[in-house]
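For reference, the structure discussed in these notes is given below.
Values quoted throughout were computed directly from the atomic coordinates according to the rules given, and no laboratory measurement underlies them. Just so it is clear, the model here is predicted, and its values are computed rather than measured. Reconstructed Cβ throughout: ideal geometry from the backbone, glycine too, with neighbour counts over all protein chains shown.
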Amino acid sequence: MPLNYQSARFLTSAPTLARCPIDSGAEVAFAGRSNAGKSSALNVITRQKALARTSKTPGRTQLINVFTLGDDQDRRLVDLPGYGYAKVPEKVKLEWQRHLAEYLECRESLNGLVLVMDVRHPLTEFDQTLLEVADSRDLPVHILLTKADKLKPGAAKNALQQVRVRLREWEDLVTIQLFSALKRQGVEEAHQRLDSWLEGDIAAHG
């Protein structure tokens, strides 16, 4: 039975992995370069206007933000800090990246990673680093190529195909789709992927 993403509610913000909620149940994390449209994607997927804070200033999400699906704290969505924003002081940037890597490498209840990329600028160095971290622990990744409405349909499909070709070595771990928060394109496909991860065996993680 599909999960009700509209029931998502804010649970907590954690500066580090150690401050995150108890590591049980099933979690899906959203990661992406600053300004790739991660918060907008989360809001559209949960059919809420302001679940995740969107900002014209990249780099606003500096904490690990955790949301539960309704009252069920066994199923959670996690908004990870945006990465790669140049104007953030280097010390702060390195600190974010350390907490990001620690969360991805060590979080037992993490069943999947949604990696958000601007369809016009996919597979940055940061994106590839995250894919390598996911690969190191066999964590499945679903890529949302966001802002697909900024390209004509043919160009968007070409971009999708090019990313698929470049990630062929990871095809057993990575799935990819086009997504537009503005047009609500690709929401059902994203829901199906999230369902498959969050409906997984909660007991095994519990």
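Taking a threshold of 22 Å on the Cα-Cα distance, which of the pairs 38/150; 150/183; 49/183; 91/150; 93/157 fall above it? Could you put the intermediate results ahead of the total?
Numbers: 38/150 16 Å; 150/183 10 Å; 49/183 14 Å; 91/150 34 Å; 93/157 33 Å.
Result: 91/150; 93/157 exceed 22 Å.
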Using the Cα centre of the chain as the reference point, and only Cβ charges (+1 on K/R, -1 on D/E), how large is the resulting charge dipole? Debye, rounded to the nearest 20.
1340 debye
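All other residues with a Cβ under 13 Å from the Cβ of residue 118 taken together, and with Lys, Arg as +1 and Asp, Glu as -1, what is their net charge? Display every interim value, and only then the final one.
Details: positive: 33, 38, 120, 147, 150; negative: 127, 149.
Net local charge, residue 118 excluded: +3.
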Reciprocal of mean inverse Cα separation for the stretch 5-200 (Kirkwood radius, Å)
16.6 Å
Quick check on the chain: helices-only [θ] at 222 nm, where DSSP H runs of length 4 and up contribute -39,500 (n - 2.57) each and the sum goes over total residues. Nearest 500, please.
-10000 deg cm²/dmol
